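Values quoted throughout were computed directly from the atomic coordinates according to the rules given, and no laboratory measurement underlies them. Values in this document were obtained by computation on a predicted structure and should not be read as measured data. Methodologically, a virtual Cβ is constructed for each residue, glycine included, from the backbone with ideal geometry; neighbour enumeration extends over all protein chains shown.
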Amino acid sequence: MAYIVFDDDRIDIEPGQTVLSALLDQGHYIPHSCRSGICQTCLMQATDGEVPAAAQAGLKNTLVSQGYFLACCCKPETPLHVITAPDKNIRHAVNVISHDLLNAHVLRLRLERPDNFDYHPGQFLTVWKEDTVGRSYSLASVPGIDNYLELHIRRMPNGKVSNWLHDDIDVDDVLHVQAATGNCFYTPDAPEQKMILAGTGTGLSPIIGIVRDALQQQHRGEIHLVHGAMKTDDLYLHQTLQDLDQRHNQFFYHTNVLHADEDHPLYDAMSLDQKLLHIGEDLTDCRIFLCGDPNLVNSLKKTMFMAGASMKNIYADPFIAAYD
Amino acid sequence: MSSLYERIGGQGAVDAAVDIFYRKVLADERISDYFDGVDMEEQINKQKGFLTMAFGGPNEYTGKSMRDGHAHLVERGLNDSHVDAVIENLGATLQELGVAAADIQEVADIANSVRDDVLSR
Ligand SMILES: Cc1cc2nc3c(=O)[nH]c(=O)nc-3n(C[C@H](O)[C@H](O)[C@H](O)COP(=O)(O)OP(=O)(O)OC[C@H]3O[C@@H](n4cnc5c(N)ncnc54)[C@H](O)[C@@H]3O)c2cc1C
Ligand code: HEM
Ligand code: FES
């Protein structure tokens, strides 16, 4: 039977069991969040033995070469010696530059950008609370334009990290963040391509980053941003986006407000998927970004695919909740 | 003489066919339930494996792996009618891509050759 060695403990691994679940079963606390290979909060390092390739999928080469792997995806078949990832290699201490509300529930947090902190707008970083609880937040800032990192954080009822960031963190406090990752971002290989980006709630954060990045990189095709919200009050950065729409011929800002305040001019009788299909017309060569609520993102992905979008042109960023 | 895989267009044809094929399969009520996985990307990659094999391309699948790979579907009632439906969708996909009728027949023959393994017989 395969086993792992951790803290001088030898722990047997059942076939198909992950390193994360084996360690948790033995009472070792290993930080983790999504348990599905997305957030990278469960990063550990192997000091001896062979790491299965699946446990390193999506990691930067620099991490792979140092033996880092994702504990939630690691099902070893041979003995493996593992340690918790030494923090200094992967976490940065950064100052909070600004802390203000964009609407009643959404906090905009600007953080100092550490040297060598490379990222693409739309990727996400991990914010750590007390070393052990990590949550992913998407980047709305753009490296060539902003010298800070910008995050939009929605207050979740009873949420550990979101409430802490809203209530207990303020300007000049120090936060610990872990490098950016994720593959939902702009690449300048098809500057004429039509782009449709839809985000619900704080799904707007990665999408604003991607749009500003595309504009900065001189994207010439039409760019349609759709912000989906339950109520008008859930929209944010409305004026900023309207201004952007005015300034750039190729950029179009749309809202999709579902709930029945029909008196309000922004109320939309169309559902979000109808709206996207309406904007899209011909999706064959359209690049699509979908961010926010996981159920909605997955169902939109299918709708857009069935309507003719190519799977390789659909970038999805479901904000899946943490299981810790 | 070029091989079937080369005539159809190799890896490029697999990439072109996979979206069309997967879209047809998801729209086909006879079989869509089997394919409606949570992770569409992963499903697309698996369908690429299927297409490469059916196009006579390089693949590592054996009768045993076809058996193991579909056993959980056989438990859910997979039978000849589903295999027929898959082959039909495959044919329609290739027709849309302008593949010659004789080549489409050859593809169907390859798919048929593993029918018994797919159905655990
Ligand atoms: C790739 C990625 C990017 C993300 N980007 C952002 C971002 O830019 N902005 C942002 O605000 N959030 C983002 N999130 C979500 C974020 O990581 C946290 O999950 C969220 O802030 C809640 O954390 P918490 O500690 O406050 O709540 P927790 O303590 O984890 O959860 C509190 C309660 O709320 C429930 N819950 C958590 N999330 C949801 C949900 N989505 N729907 C319904 N119930 C839920 C939990 O099950 C629990 O009962 C992203 C997530 C991922 C995976
Ligand atoms: C006609 C003969 C068939 C062949 C040659 C074939 C071949 C394959 C191949 C090569 C894979 C890829 C496995 C992998 O890469 O992991 C696969 C997967 C799959 N096949 Fe088939 N297949 C056939 C028929 C069917 C039928 C009739 C169904 C259902 C209606 C089906 C449903 C699936 C599903 C759902 C998967 C994904 C497996 C999973 O997610 O568990 N196949 N098939
Ligand atoms: S990547 Fe392992 S818990 Fe998220």
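What order do you get for A:GLU281, B:GLU88, B:GLU29 when you list them from fewest to most C-beta neighbours inside 10 Å? All intermediate terms of the calculation are to be shown ahead of the outcome.
Numbers: A:GLU281 11, B:GLU88 15, B:GLU29 8.
Result, fewest neighbours first: B:GLU29, A:GLU281, B:GLU88.
A Förster distance of 35 Å, applied to the separation of the beta-carbon atoms of B:LYS46 and A:ASN147, puts the FRET efficiency at 0.20. Highest mobility in the GNM of chain A, judged by mean-square fluctuation with C-alpha springs under 10 Å and restricted to A:HIS238, A:HIS152, A:HIS32, is found for A:HIS238. Exposure proxy shown here: for B:ASP68, A:ASP168, the number of other Cβ atoms within 10 Å sets the order, fewest to most, as A:ASP168, B:ASP68.
If you take the square roots of the eigenvalues of the alpha-carbon gyration tensor of the stretch A:38-115 and sort them as a ≥ b ≥ c, do you get rounded (a/c under 1.5), prolate (a/b over b/c) or oblate? Intermediate results must be reported in sequence, preceding the final value.
On the way: a/c = 3.46, a/b = 2.32, b/c = 1.49.
Prolate.
Each 5 Å bin from zero holds the following percent of Cα-Cα pairs in the stretch B:14-118: 2, 12, 24, 28, 23, 10, 2, 0. Considering only alpha-carbon pairs that sit under 8 angstrom and 6 or more positions apart, the relative contact order computed for chain A is 15 percent.
Residues whose amide H comes within less than 5 Å of that of A:ASP317, counting only those at least five positions distant or on another chain, are A:LEU290, A:CYS291, A:GLY292 (H built at 1.01 Å from N in the peptide plane).
Rg and Dmax of the stretch A:3-83, based on Cα coordinates, read 11.3, 31 Å. Modelled label positions at A:ASP25 and A:SER299, each set 7 Å beyond Cα in the direction of Cβ, lie 3.6 nm from each other. Taking chain B as a Gaussian network of alpha-carbon nodes connected by springs under 10 Å, the highest mean-square fluctuation of the residues B:ALA101, B:ALA85, B:ALA17 belongs to B:ALA101. Rounded to whole Å, give me the distance from the Cα center of the stretch A:168-198 to that of the stretch B:1-17. Answer, in whole Å: 38. Bridges between two residues of chain A, per DSSP, are antiparallel at a rate of about 60%. Label positions at A:ASP172 and A:ARG220, each projected 7 Å from the Cα along the C-beta direction, are separated by 5.0 nm.
How would chain A be classified by its alpha-carbon gyration tensor: rounded, prolate or oblate, with rounded meaning a/c under 1.5 and the a/b versus b/c comparison settling the rest? Note, shape of chain A comes out prolate.
Using 0.36 nm per residue of separation minus the Cα-Cα distance, give me the extension gain between B:ASP36 and B:GLU6 in nm, one decimal. Numbers along the way, then the final one.
Working: separation 30, 0.36 × 30 = 10.80 nm, distance 3.05 nm.
Extending this stretch completely gives an extra 7.7 nm.
Per the Kirkwood formula applied to alpha carbons, the stretch B:75-121 shows a radius of gyration over Rh ratio, Rg over Rh, of 1.04.
Is there a pair in A:LYS60/A:LYS129; A:LYS194/B:LYS48; A:LYS231/A:LYS312 whose C-alpha atoms are over 29 Å apart, and which pairs would that be? Walk me through the numbers on the way to the answer.
Details: A:LYS60/A:LYS129 24 Å; A:LYS194/B:LYS48 26 Å; A:LYS231/A:LYS312 32 Å.
Table pairs above 29 Å Cα-Cα are A:LYS231/A:LYS312.
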